[in-house]
Structures are given as C-alpha cells and as structure tokens.
Amino acid sequence: MRRALLVVDLEGVAGVDTPGAFISGTPEYARSQALLTAEVNAAVEGLLAAGFQRVRVSDSHLSGSGASNLLLEALHPAAEPYFLAEDAYAPHLFEAVEAVACLGMHAAAGPAGFAAHTVDLLGAWTCAGRALSEADLVLALAAEAGVPAVFVSGDDVLQAHLGGRVGYVRTKVALSVTRAYSREPEAVLPELSRAASLPARRVEPLPDAPLILTFKSGHQAALATRAGARRLDHYRVEVEGRTFRERYTHALGATSAAGEVLADAVGDVPGSPVFLRDATALFRLRGPPAHPPPARTEAVERALGAFLSLTEGGDEEARALRALTLHMLEGHAPGAFARRGLGPVLEAAVAALAEVPLALPEGLSPDVGMARVDAWYVRRERGLPHAPLEPYLLRAYLEHLAGEGHGLHAWLLGEMAATRGLDVRLSLPARAMRDASRVADLYWLTHLYLLDTRYLRAAPRHPDAPAWTEELLVATPWVVEQGNVDLGAELAFCLQCVGEAGGGAHEALLVLLEEHQQPDGCMEDAHATAGALLAFAGAEERRP
C-alpha cells in the first residue's frame, strides 16, 4: 500500500489571520479547525489522485489544548491522523512513505512572516548561516530518509524563503508577524488538490553542520545547555550529531528545556485574554540584534544635562530624586559616572538630603512621602547620619496610603525601610496590583529588582529574578506600543542589571527612549528623565 506523509500546521491555513485564530479556547479557533480539516481533505484527495492509498497526517500545531486541531469526525477516510506533542516529525512517521508534503506552514523565526517562529516562540534555528523554518526541518528530515517532497503551503514570506525548491501553494500575504491577509479558502482548496497530485521531487539536504539556536534571553540559553547544547555566547547554543536527525533531536531537546520559562512568561490559560496578549507578545519579541547597537553617548550627555537641570530646585522631591538617581548611577554604570566627574555632584546631593524632613503626617502626598523615605534610605545606605524615621509614624502612614488606594507606594516604602532594619511592613499580597493595573504591576515588578539589587548597587540575588526577567521580556512589546517612556526606562535598566543588555527587548526599549527624548535631553518629566539617564548610561557601560 502506497503511503504519503502530510505534516500540517495551522498558522499557514487560509482564513487564519490573527493569533487568536490558532489558540484554543478563543472564539475564532473552532472556525480554524474547520478550515484546517478542509485543507487536509483537499490535499488528501490530490495525493489519492497521484496514486497513494493512505496519507499519514501529523498535526504539528500546539494550540494549548493538548489535543489535535483536526476535526477527526470530518477527516477524509484515507487519512491516518497523528498528534505527537513531543515531536510531530518523529522517525517512524517517515518510515514506509513514498512522499512528504507540508500544509499550513509559516515562516522561520524573525521579523517577517505571519506568526513567524521555529518550533516554539523562544528561539531561531540556523544551519550554516541559513535560517530554518519548520518546513525546512521537515524537508531536511525527508531528504535524509530518502523521501521526496510534493508541496508546501503557507504565506508569501515562507514561499520566498523556500525559493522554488519545492512546489508551493500561497494561502495568504503576511502583513506583520501578527496579521495576515488570506486568499479565499474556496480558491485555495482546489490548488492544494492540484499541488498534491503532482509528482514528488527530490529535495537537497541541509549542510552537514551544527544547528545554532538563538534564544531571546540568556536564561533560556542556559536552560538549553542542561539538555546538552553547547553555549556559544549569552544567547546562542549549538548542537551537533552524526546525522541531521540526531542534530534535530538534540535541538528539540534543547528548546524543550528552554521552554520551561513559558510558565513564567505567559499568564493565565489558553484562550484567555491574558494568554492571548502574552503569546502575541512573544511573536513580536525580537531576539538579539544581528549587529552591535550604536553607541548612545550623546543620549547619555543630553539626559544627564536635562536631569541635573530639572533637579536643581530646592524642593524635597527634586533633592531626593537627584541624590537617589546619582546614587544608583554610581553603582549601575560606574565607568560612565566617573568619566563625567559626577562624584562631587553626588556628594553635594547626598549632603542636601540632611535638610529633607522625615515627618509623615496623614494626608501627605505619596510622592512627597516617597521623597522623604528615599532621602532617609540613601543616607542610611551610604552610612551617613540622619534623623530617625519613627516606626509608628511610618506604619501609620503606610496604612493611610493603603487606605487611600496607594497600595504600590505603601508596599514599596515598607520594603525600602525593611532593607535598612526598620520593618513595619503591611501584610499585602504579593503583586497585589496584578489584576488591577498592568502599569502598576510592572512598576511593582521593576521595584522587585531595585530592592533585590539595593537600587542597582549589587548583583541580583533573588532566586525568582530569572522568572521576573521573562515577564519583563514579554511585557516589552506592550510597553513600547503604549509609548510609556518612564516604565520603558525602568524595564531597560532592570534588563541591564540581569545581563540582558544585548537582547532585542532591551534594544527596542532604548529606541523608544531615543524617539521620545527631546533635543534638550528631557523626557516627559524629571522622573522619566532620571530613568532614561540610568538606561542610556547603563547601555553605554555594557556595550561590547
């Protein structure tokens, strides 16, 4: 009995044009299942016309449901469905088949192509410098097994990438990594049948070279090494093997190990708005830039001049912001700090904190209360005398803030004081703002880094820092889209302090800050300007 192997995915199916359409539990997903099943049935009809009697159908799409995306009750009777979540290209699928075809595929991981990724949403695969799509992987495995290929279907970006090496049916045009414009499914189905009925062609194998996996965080690359991959640099690993199948299997194990981070990076359950938001962000999140980013010395100079000008005033908020920012800069970017001769400026700013009152009366604004605790904190951190911060007054003020809806301030002031031996913290849930405001929750998250590093004066120590980082990475596309420069600056310097200054998320944040920096160096206010100064100087310090 003559058999063919049909490997199917969902992103390249005509009519599947948004991320919600290929994630289970969304309103669009049921229609996508029907569209996929119809395309599979059309391809099976064509393969039968070519003389095959049975078609193994390996469903490779992981929608989050843990089950096949095909409507099995509507599947062609000649189809033999398989759903192998661990490896949809397993060796036994290629045994005793005379041809292979790929349906509903997408482009390789990168900035072009609808839903572009390779195997998972974390990394890019290359071989001898060539980017690999999942269609490339299937074709390479088939070539090694001596199985010719019939056709591939998917978007225009994948078509250009394959370059005529195999028959192709274009189902859509990619508008972006999260949007596509499909042809009418009714027009695509007969083309799939015709393409499947044509003779199979031999496919050239990939070069006998290691596979390089490039991840979106250093933590992901580190996890991949636990599965046997060899670390090349912060973001890249390589895997070797005697055959392409061996190299592919080792790479699959490495990506599976790195995929542990998804539990931290993607919130809620498949089909929920939060899951869809985070999964979409992973498509948009870029890996490390191909070339070193530009020096941003001018941006540092402008930000420093603007920051010093904005904090020249004698009010306590300006004094506290000036001293705390320079205190952080000295620890975070000591080279940049020293080159600009900021030591005397910092000393004068810290000395001026002695004049900041520590009274915390009920009704005091959160920003002024923060400035007073900041002043006390910096003096204590630097081993300088300061008037005492009375525990009962601070506790009463924290209770007042919490009661007035300023839970973030109440939490942070309590934590700052506790790091210096004054523990009057309220009993607040961890990440208490998570369900109330994404902006407030992300500020909470960035301040976990600041508390853990003593405001950028020490290396991160907390065991959850890698999980925090994966959250920040996934949040970056949203922060950039919102144009939130103050929060963007905080994300940037937090990524710097955990060694992620070479990644695509960090570069996107710096571009955001550059686009919003005014000619005089100012951002939207003094706080955002301070954050931009730390981010630009931190990037300058960490440039290769």
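Screening ARG242 against (1) assigned to a loop (DSSP other than H, G, I, E, B); (2) modelled with pLDDT of 95 or more; (3) at positive phi leaves a single unmet condition, (3). Applying the condition of being without any contact (Cβ under 8 Å) to a residue 24 or more places away in the chain and assigned to a loop (DSSP other than H, G, I, E, B) to region 277-313 and asking which residue is nearest to the chain's Cα centre (by Cα) yields ALA290. In the set HIS61, HIS92, only one residue is in a helix (DSSP H, G or I) and within 21 Å of VAL150 (Cβ to Cβ); that residue is HIS92. Here THR476 meets the list (1) within 30 Å of ARG379 (Cα to Cα); (2) of a type outside the set (A, V, I, L, M); (3) crowded, with 23+ Cβ neighbours inside 10 Å almost entirely, failing just condition (1).
I'd like to verify a number: residues in region 187-224 that are hydrophobic (A, V, I, L, M, F, W, C), in a helix (DSSP H, G or I) and under 18 Å from VAL166 (Cβ atoms), how many?
Counting residues in region 187-224 that are hydrophobic (A, V, I, L, M, F, W, C), in a helix (DSSP H, G or I) and under 18 Å from VAL166 (Cβ atoms) gives 4.
Residue-level check: of (1) under 28 Å from the mean Cα position of the chain (by Cα); (2) over 22 Å from GLY538 (Cα atoms); (3) touching a residue at least 40 places away in the same chain (Cβ under 8 Å), SER437 misses just (3). Within region 153-196, restricting attention to residues that are crowded, with 18+ Cβ neighbours inside 10 Å and hydroxyl-bearing (Ser, Thr, Tyr), the residue that is farthest from LEU103 (Cα to Cα) is THR178. Can you name the residue in region 26-42 that is in contact (Cβ under 8 Å) with a residue 60 or more places away in the chain and in contact with a helix residue (DSSP H, G or I) (Cβ under 8 Å, 6 or more places away or on another chain) and is also farthest from ALA115 (Cα to Cα) among such residues? Ranking the candidates gives ALA42 first. Can you tell me which of ALA528, ALA532 is over 19 Å from the mean Cα position of the chain (by Cα), among the aliphatic types (A, V, I, L, M), crowded, with 18+ Cβ neighbours inside 10 Å and over 30 Å from THR214 (Cβ atoms)? ALA528 is the lone residue from the list that is over 19 Å from the mean Cα position of the chain (by Cα), among the aliphatic types (A, V, I, L, M), crowded, with 18+ Cβ neighbours inside 10 Å and over 30 Å from THR214 (Cβ atoms). Selection within region 245-274: residues that are outside any loop (DSSP other than H, G, I, E, B) and of a type in the set (Asp, Glu). The member of this set that is surrounded by the fewest Cβ atoms within 10 Å (Cβ to Cβ) is GLU246. Somewhere in region 408-419, is a residue touching a Gly at 6+ places or on another chain (Cβ under 7 Å) and of a type in the set (D, E, K, R)? Among the residues of region 408-419, not one is touching a Gly at 6+ places or on another chain (Cβ under 7 Å) and of a type in the set (D, E, K, R), which makes the answer no. Looking at ASP233, is it within 26 Å of GLN496 (Cβ to Cβ) and part of a helix (DSSP H, G or I)? When the stated conditions are applied, ASP233 does not pass them.
Cβ-Cβ contacts under 9 Å between residues 6 or more apart (or on different chains), taken from a first residue in region 253-264 that is not assigned by TED's automatic domain parsing to the domain that holds ALA222 to a second residue that is buried (at least 17 other Cβ atoms within 10 Å of the Cβ), are absent.
Scanning region 161-194 for residues that are at pLDDT below 95 and of a type in the set (D, E, K, R) gives a single hit, ARG165.
Conditions (1) modelled with pLDDT under 95; (2) crowded, with 23+ Cβ neighbours inside 10 Å, marked per residue:
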position	(1), (2)
ARG296	yes, no
GLU301	no, no
PHE307	no, yes
ALA348	no, no
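Here's the yes/no breakdown for (1) crowded, with 23+ Cβ neighbours inside 10 Å; (2) not acidic (Asp, Glu):
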residue: GLU39; (1), (2): yes, no
residue: ASP59; (1), (2): yes, no
residue: LEU62; (1), (2): no, yes
residue: LEU71; (1), (2): no, yes
residue: ALA74; (1), (2): no, yes
residue: TYR82; (1), (2): no, yes
residue: HIS106; (1), (2): yes, yes
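Residue check: is SER217 under 30 Å from PHE151 (Cα atoms) and either assigned by TED's automatic domain parsing to the domain that holds ALA254 or surrounded by fewer than 19 Cβ atoms within 10 Å (Cβ to Cβ) (or both)?
On the way: under 30 Å from PHE151 (Cα atoms): no; either assigned by TED's automatic domain parsing to the domain that holds ALA254 or surrounded by fewer than 19 Cβ atoms within 10 Å (Cβ to Cβ) (or both): yes.
In short, no.
Residues in region 427-458 that are assigned to a loop (DSSP other than H, G, I, E, B) and of a type in the set (A, V, I, L, M): LEU428, ALA430, ALA432, MET433, ALA436, LEU456, ALA458. Of the strands (runs of 3 or more DSSP E) contained entirely in region 121-186, those carrying at least 1 residues that are over 26 Å from ASP208 (Cβ atoms) fall at 149-155, 167-176, 179-182.
The values are calculated or read from the model by the stated rules, or taken from the named source; none is laboratory data. From a predicted model like this one, the values you see are computed outputs, not experimental measurements. Don't worry about glycine lacking a Cβ; one is built from the backbone with ideal geometry, like all the others, and counts go over all protein chains shown.
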